[in-house]
Every structure is written in structure tokens, then in C-alpha cells.
2 protein chains.
Amino acid sequence: MTRKPTLADVARRAGVSASTASVVYSGKVAVAETTKDKVLAAAADLGYAGPDPRAASLRRGRSGIVGVVVGSDLRSAFADPILTVTMDGVAESIASSGAGILLLRDDPEWGGPTLATAPIDAVALIGCNPTLRDSLDAARSRGIPMVVIEGDAGPDVPQITIDSLEAQRQLARHVRSLGHERVALVTLPLSRRTGMSVAGAAHAVQAEVDVTRERLEGAREIFPDAVVVSTARSTIDNGYEAGRLLFGSGERPTAVLAQSDMLAAGVLRAALDAGLRVPEEVSITGFDGITVDGIAPYRLTTMAQPALDKGRAAGEALARLLADEPAASFRFTCEFVEGNTTGPAPV
Amino acid sequence: MTRKPTLADVARRAGVSASTASVVYSGKVAVAETTKDKVLAAAADLGYAGPDPRAASLRRGRSGIVGVVVGSDLRSAFADPILTVTMDGVAESIASSGAGILLLRDDPEWGGPTLATAPIDAVALIGCNPTLRDSLDAARSRGIPMVVIEGDAGPDVPQITIDSLEAQRQLARHVRSLGHERVALVTLPLSRRTGMSVAGAAHAVQAEVDVTRERLEGAREIFPDAVVVSTARSTIDNGYEAGRLLFGSGERPTAVLAQSDMLAAGVLRAALDAGLRVPEEVSITGFDGITVDGIAPYRLTTMAQPALDKGRAAGEALARLLADEPAASFRFTCEFVEGNTTGPAPV
DNA sequence: TTGTAGGCGTTATCAG
DNA sequence: CTGATAACGCCTACAA
């Protein structure tokens, strides 16, 4: 029979001990050139392709895999550019320790791997749901280090966030300083599952999603009576619909604060389609600081959030946790970016 | 000391054997209710969270993880909607066997997991590079089943593809049947690293990327002398630039065949910005059949490719390979979708 | 239905 | 620099 060769086979053939052969591959201890060659030659003969990662991870107690919990199906998850960039940051920062990313889903119905069954060393949650709470316990009791990005998994779980409230407040101030008074807000989803809706005046709107709520509060401090339109998802098309609502009626706003750049891009299009000049007749702000594909020559006035850094910070926090060091929460600030979609309020 | 409890600890505490305890968790054999309760109670006492996946995967010889090799960094990989949807299909179809997706990168410099070191049971390559060839051998000699999506890893590696050539030919025929003669092509990247360029007449252009080449051939069969503009990436902005090139000069085309919907969307915007009416003055076709965010009320005339099915097919092929059954290559066909961006050639 | 026994392939430790 | 030894934690025949 020809089962796959193991390190023991290689060692035997090379005439060395298994531990020596192991060391040839791990490189953790110096090995004589000649011995190394013998081992490698034997491996080549046998068609041995290196230590089995499964066995190694049992022995080491580490799989070199970090789980990343994304909300729903991959295609809607990855439609969010901030999420994507954040994940890239996580990937980048954990790669330095040789680790990779296993996609996990926050969905009890999902047949794939879960926090309870996946061979992961640590896990990062990105904008996680309450539904997740159960599996969270699993991870916790299994001793898997966790980090949450833009979410809350209770105390003693480090959170990586941005200060959305302050950022949105800053944008709102900017808009007010330009003299705008009739202002509308276009928000991200208020809850994890809502369709679009005109939600009324700002001071009366409740949002259960953290990010939405914070940004709403930031804007409402400055414009408590702004009209609010909430959307189902952060897409250009949803923004467009919101914009049509706002620009369709008589009393149209002179400024629209959208809670994401995607939404803002849609609002922008709606404004242009309605024959409005931007920013002469309508000012529009976004949020995120991503490059929205397809709105040139406009550049949104927005708050740029350091998504890549968020991801990296999460990765580093996980690394610390894995090394049994304490990891703290971190709150990033955003940076004001003045584009050409805001200007003085029309007289 | 208080190391993490193991199944053996639980068994001991419950007064049963380790194998019985194991069976309680795996459910592969019937266990008396009372015994089960005892075990579960003991587990709860000890804070045991279930079998360690690392140990289980060594024992079983399966990790329940499928690697997916994406080209470069995650954010550009996931900027491609087809790739995303395809991955979703893979994820979906392997989830039924409890497996998940580990992101691998096709980059020798990358510090993260590789085909040679990751604890994966199988791997799917999406649009892979020649650079990959080396690591491919690693996977091969390790006996890891492989499937390639839109690429070529040599014979005996099943390929999942679409018939781009026929699809593009079909679009070209449609355009010709509308009477167009002055036609331009906007292509995907010709090689893995090119900037945009006007590449000359169709019959003279060489493309080294499979998908690009096939689509080019399909169009060139019908329009051998079409002007070709190649782009650096499949984005709206790149399409826009290409469009500006095409609509800027005197002899502008009456129809533009773009090799992706994203590019087509950019071309569309460029046309509109140039004051051209679509489709009265310019017809535009895309490729992919994705919903491009932000071009309403236009709907591209395009070929819809079954990206989700591609992913599923890849996942199923992997499942068969894992079960030691043969898996065949599969070539999907695309479906013509008539939108409102094509019309009769202007007289 | 439950228990016994043996090993999955590797690597850490320590002695030589 | 190399080798012997002992787990890592679980699963699965097989026997009782």
C-alpha cells in the first residue's frame, strides 16, 4: 500500500531521527548541512511535501487561522468597501505571524464552520449582531481571543471603533458654517433589517445599529429638526432613492448629510438628475472617505475613516491576546476631507 | 494547574469512557439519554466547550477548510463583483459539508498561509497567475484536490469556465444586426499588469489573460477592425476614461462593446457626459450581468454569466474530489440580456 | 449501548 | 548538533 509518506518515513529513509527531520523543516534549531541534505533528499525521493499542518497544529496548539465573522452572505458583505478594506488590514497584520483568514458567518442556519467548530486561534467580529451572542459564548468558553470591530461584545472584549459621533458632528458643523439650515439626513439602516423609510425629524428617530445611531446623534446635535430618510443598505442606488424622495417634494433641503459615501454618491446623482447644481444649489456630504467609483469629476466632502488601520489594530490586538498580553480597545478619529460637493447655502 | 479540560476529563468526571463521551458529541452512534445527560452535565461543570477541532482534524484527516486563492490584496480582489459572487457560490456549496473558506493569496511575498502550509482539504483557484505554478506543485504533491475557475492549471485539474468567446460573439452579432459598423472594444487588462492603452485595431491585439483574449476573439470575429482600448482594471472609472478617449476624438464609434459591466457603466457615463444620447447615438454593451450600482435608469445590454453557479460547480467538484470520485471540467454558457443601452445605429 | 486499545503526524523537551 | 521520549486531544474499530 502507498499511504502518504510521513516525517517518520523520511527520517527513517534518511537515517536520522524523527526529531531531527522535524527540525530540518521548522528551522528552529541549527542542523548540519549534510544532515539537512540527507533529509531533503529522502523527502524528495518519497515525495514528501512537508509536515502535515493538521498534525502540526494539534501539537503546537495553534492552527494559524483567524476567523473573521462577516454578517451575511459574502456578496453583500463584500459590497461594503469599508468592511473589505478593514479585512484587508486584519489580513495584513496577522499575515506577519503566518496566519490567514477563515470566513465565518453570523448566521445560525449556516452549515459552514462556526465559532464552536472551526480550528481558529482567534476571531475578529465585524459589526456583529445580537444573534451572535450564543456562539460568542462558545468562543469565550473555548478561550478563543476575540476582538470586535464597530460593535459590542460586552466588557473584556477589546473594541476597535471610530468616533462616528464626533466625525459626523464635524461635518454637520461644516455644513452649518456654510449657512445651511434646511438640512436632510440620509442614514444607514436603523436596524439590522429595515427597508427604506422616511423616518421623520432627527430628534425623534431611534437607531439600534451603533454606527447609525452615533452618526445620527452627531448630526442631530447641530440640526435637531433635520428630516431623516433611512435606507436599507449602503448603496448608491439606495442613496439615489433617498435623494429622489428629498428632491422630489416642494421643500427641498439645501444640504444633505449622508451617512456613507455610497449613499452620498446616490444622493448626488439624484440631485444632478433633478437638475440641481452641486454644490451651488445643494450641498452633499458623505462618510467613510472611500473612492466611490463613477462619480468623477465630483469628490465628496466627507470624513475619511482609517479602515485599514482599524483592521490592522484588530489584528494586532489579536496577536497580543494570543501572546497572553492584554489588549486594549481603541477608538480612531476620522479626518475631514473637503471635496467639491459642499458650498455656501443658496440665498 | 487549570489547563483546559479535555474530553478525557469530561469522561472521567461523568464516569464514562472517553469514547462514549466522544460519541455524545459526534452523534454518530446512539447513546442512552441518561449517559448523554451525565456527559453533558460533566462538560458544563468543567466548562468544556466541545471537541478541539485541531485534534479532530488530525484524527479525521480533514480540517473542514477549503482554500480559495484570490489574486492580490483582498480589497482589489473583492472589488470584482463576479469574483465575490463566485466565492459565495463556493462557500455555499461547501458549507453543506460543514467546510469554510480560507483566504489564500497568490503572492510569493505574502507572509500568510500558503498552499504548502495551510491546513486545507482542497483548494479553488480563481483566475490564477503563472506565478502560482510553484505552489501548485506543492498542493499537488500534498494530494490536495484542486479546481480552477477561469484559468488553467494543466490537465487533470478540473476547470470551471464560461464560454466567453461565444458570449461575446453573440453580443457582437446583436450589435451588428442593429446596423453598427463603427465599433470600439473596451477590454479588461491584456496582461496581469498593464496600464490603460489604446491598443489599436482588434485583429492586431494580443491578450495574455484568458478571459480577455476569449472575449476579444469573440468580438473580433464580427468586427475585425474595431478600435480597441484596453484598461488596467475592471472599474467604472477605468471605463469612463476609456469612454472619454473614444468619444473625445472626431471619429467616434456608434457602438462600444465593453468586456465587463463595470467598464460599460463607465463608458455609459462618459457618453452621457459627452452629451450623447444612449442608445440613440451610441450603443453600449457590457459583460457579466451584474447589477451595477448607480446607473439607473439604464440597464445594460449584456451577457449574464452564471457566477454563482460557477462557484457552486467548483465547490461540488471539490466535494467529489474529496470523496475520491472523478470531477470533470465544466463550461457554462451565458445568457443574453437586452437592456436599454443598445439600439439601431444612427443614420 | 459502552468500554478498550491504538494511533493520527508532529514537535517540545531534555539529555547526550 | 542529534536522538529518545512523550505528549497534543480525539476518534474508530472492535470487543464486551
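The values are calculated or read from the model by the stated rules, or taken from the named source; none is laboratory data. Please read all numbers here as calculations on a predicted model, not as lab measurements. A quick note on method: Cβ atoms are made from the backbone with ideal geometry, for glycine too, and the neighbour counts reach across all protein chains shown.
Can you give me the number of residues within the stretch B:89-105 that are more than 7 Å from chain A (Cβ to nearest Cβ) and either part of a helix (DSSP H, G or I) or touching a Ser or Thr at 6+ places or on another chain (Cβ under 6 Å) (or both)?
Going through the stretch B:89-105 one residue at a time, the tally reaches 5.
If you scan the stretch A:3-19, which residues turn out to be free of Cβ contacts under 8 Å to residues at least 40 places away in the same chain and assigned to a helix (DSSP H, G or I)?
Within the stretch A:3-19, A:8, A:9, A:10, A:11, A:12, A:13, A:14, A:18, A:19 meet the criteria.
Please specify each residue of the stretch B:249-267 satisfying the condition of being within 14 Å of chain A (Cβ to nearest Cβ) and either surrounded by fewer than 24 Cβ atoms within 10 Å (Cβ to Cβ) or over 15 Å from residue B:337 (Cβ atoms) (or both).
B:262, B:263, B:266, B:267
Given the stretch B:20-88, what helices (runs of 4 or more DSSP H) lie entirely inside it while holding 2 or more residues that are more than 10 Å from DNA strand D (Cβ to nearest atom) and in contact with a helix residue (DSSP H, G or I) (Cβ under 8 Å, 6 or more places away or on another chain)?
In the stretch B:20-88, the matching helices (runs of 4 or more DSSP H) lie at B:33-46, B:74-77.
Being crowded, with 21+ Cβ neighbours inside 10 Å, of a type in the set (Asp, Glu), closer than 28 Å to residue B:319 by Cβ and within 16 Å of DNA strand C (Cβ to nearest atom) is the requirement here; does residue A:52 meet it?
Criteria not met by residue A:52.
Residue by residue through the stretch A:27-39, note down the ones that are within 14 Å of chain B (Cβ to nearest Cβ) and in contact (Cβ under 8 Å) with a residue 12 or more places away in the chain.
Matches in the stretch A:27-39: none.
Among (1) modelled with pLDDT under 90; (2) at the interface with chain B (Cβ under 7 Å from one of its Cβ atoms); (3) crowded, with 21+ Cβ neighbours inside 10 Å, where does residue A:111 come up short?
Residue A:111 satisfies every listed condition except (3).
Could you grab me the full set of residues in the stretch A:57-77 that are within 8 Å of chain B (Cβ to nearest Cβ), without any contact (Cβ under 8 Å) to a residue 24 or more places away in the chain and near DNA strand C (Cβ under 9 Å from one of its atoms)?
A:58, A:61
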